[in-house]
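Below is one structure; the comments refer to it alone.
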Amino acid sequence: MIKLSRRMRAVASMVTAGNVLCDVGTDHGYVPIALVQGNVIPKAIAVDINKGPLERANDHIKACGLNDGITTRLSDGLEAIKEGEADSIIIAGMGGELVIHILTEGEAVCRAAKELILQPQSDVNKVREYIRNAGYKIVDEDMILEDGKYYPMFRCIPCNDNSAWDNMDETTVTVCDLYGPVLIKNGNPVLRKFLVREHHKLAAIMRQLKDQEMSDSIMERIEQINEMMAYNEAAYSTMGAIRNAGI
């Protein structure tokens, strides 16, 4: 049996049983292999933009005797995937800007899927903002602490009515984009650790800034850190607003 890292186990656990999976940027193909091996899903399409990782994935799929259940395709994002071919789409382990690019270029394929499972490595708030504005709803979130790094991930479904966000103030929306509406609503314990660590880091930066000779650039940076600290602290009081809005 394929062994996944904690991060990838958490990503894989978000895939709905019985769905056909498309794993974008599959690398070694471990996630689709684990899900098909475990009889969670009947079949999967593993895609990667590079030949090397795809060849490694093919080797692992063949070694596990899963050629009938998992196919591989050389593809720039979702370019080689047809609408309706995949029920679940995983885009994990890449930068947020690239995730947004793949979602934008493959919009028709994404809209035809039942769910998107996203795990951006950076610019997570930008990905959440894109998802919210593109007509998806985050229905599940998790955050994993592994080897000293925090990894947020979320499952989204197409949503025809996202008007609940219209009833929330700008600060609450920004906090949700930064830290995750479901993580906040559920009081996720790993998120709590992340918020504490972030607050300590911001406070340390603020002390360093105030020890320096004041200039326009230093004052601008102090203002930025103050704003970030305010959002950090607001995360603790956002839970009620999210629940009341029906997010």
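None of the figures in this text is laboratory data; all of them are computed from the coordinates on show. Computed from a predicted model, the values in this text were never measured in an experiment. No Cβ is skipped: glycine too gets one built from the backbone with ideal geometry, and neighbour counts run over all protein chains shown.
Extending each Cα 7 Å along its Cβ direction at Val139 and Thr16, get the distance between those two points in nm, one decimal.
0.5
Taking the Cα centroid of the stretch 4-71 and of the stretch 185-230, what is the distance between the two, rounded to the nearest whole Å?
One Cα centre to the other: 39 Å.
Taking a ≥ b ≥ c as the square roots of the Cα gyration tensor eigenvalues, with a/c under 1.5 meaning rounded and otherwise prolate when a/b beats b/c, else oblate, which class fits the chain?
prolate
To the nearest 20 Debye, how big is the dipole of the stretch 162-247 about its Cα centre, given +1 on the beta carbon of each Lys and Arg and -1 on that of each Asp and Glu?
Computed charge dipole of the stretch 162-247: roughly 640 debye.
What FRET efficiency, computed as 1/(1 + (r/R0)^6) with R0 = 30 Å and r the Cβ-Cβ distance, is obtained for His200 and Ala164, rounded to the nearest 0.05?
Step by step, r from the Cβ atoms, then E = 0.35.
What length, rounded to one decimal in nm, is gained on full extension from Met1 through to Glu146, with 0.36 nm per residue of separation minus their alpha-carbon distance?
50.1 nm
Would you mind ranking Thr26, Thr238, Thr171 so that the residue whose beta carbon has the fewest other beta carbons within 10 Å leads the list?
So the ranking, lowest neighbour count to highest, is Thr171, Thr238, Thr26.
Counting each DSSP H run of 4 or more residues in the chain as -39500 (n - 2.57), what helix-only mean residue ellipticity at 222 nm follows after dividing by all residues, to the nearest 500 deg cm²/dmol?
Value at 222 nm, helices only, nearest 500: -14500 deg cm²/dmol.
For the stretch 1-114, rounded, prolate or oblate, judged on the Cα gyration tensor with a ≥ b ≥ c (square roots of eigenvalues), a/c < 1.5 rounded, else prolate if a/b > b/c?
rounded
Mind giving me the nanometre distance, one decimal, between the label points for Gln212 and Glu227, set 7 Å out from Cα along Cα→Cβ?
Label at Gln212, label at Glu227, 1.7 nm between them.
Taking trypsin sites (Lys or Arg not before Pro) that fall in a DSSP loop and have at most 12 other Cβ atoms within 10 Å as cut points, what is the longest piece of the chain between them?
Looking at the chain, 83-247 is the longest stretch - no exposed trypsin sites (Lys or Arg not before Pro) with at most 12 other Cβ atoms within 10 Å.
Quick one: Debye curve from the C-alpha atoms of the stretch 1-61, no solvent, what's log10 I(q)/I(0) at q = 0.24, 0.25, 0.28 Å⁻¹?
-0.99, -1.06, -1.27
Indicate the gyration tensor shape class of the stretch 162-247 (rounded, prolate or oblate), computed on the Cα atoms with a ≥ b ≥ c the square roots of the eigenvalues: a/c under 1.5 is rounded; otherwise a/b larger than b/c is prolate and the rest oblate.
Oblate.
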